[in-house]
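Let me begin by presenting the structure, written as structure tokens, before commenting on it.
The values are calculated or read from the model by the stated rules, or taken from the named source; none is laboratory data. Keep in mind the model is a prediction, meaning the values are calculated, not measured. All Cβ positions, even for glycine, are placed from backbone atoms using ideal geometry, and neighbour counts span all protein chains on display. Surface accessibility is based on the protein's heavy atoms, side chains included, excluding ligands, DNA and RNA. Shrake-Rupley method; radii C 1.70, N 1.55, O 1.52, S 1.80 Å.
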Amino acid sequence: MLISYLPGPARPRYWNGAHLSGVYPVPALFPGQGLSITLTGTDGRLDLGVVGDRHAAPHLDRLVSLLDESLVDLERAVCTATR
């Protein structure tokens, strides 16, 4: 498993006047690698890309769902701690 972070621009970006609302990475899998998760930071946001080998991670959709639930829990914990 590989987890990586690719920092993006810290300020808003535009393409032909349209605001860039996200940059979703597509990580590569190397031979023998079962899972790759990449985060990209852009304009104060984090976007997430997850790629997995279907044999090593057959239920990738469940992993993504659990990651989403965990991030929601983390946001709640941070909001509660800062009050």
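Within segment 1-40, being open to solvent by less than 90 Å² (accessible area, probe 1.4 Å) and β-branched (Val, Ile, Thr) holds for VAL23, ILE37, THR38, THR40. The sole residue among VAL26, VAL72 that is modelled with pLDDT of 90 or more and not in a loop (DSSP other than H, G, I, E, B) is VAL72. Scanning segment 4-11 turns up no residue that is without any contact (Cβ under 8 Å) to a residue 12 or more places away in the chain and among the aromatic types (Phe, Trp, Tyr). So in segment 30-69, with the set limited to residues that are among the acidic types (Asp, Glu) and not in a helix (DSSP H, G or I), which one is nearest to the chain's Cα centre (by Cα)? Looking at residues that are among the acidic types (Asp, Glu) and not in a helix (DSSP H, G or I), I get ASP47.
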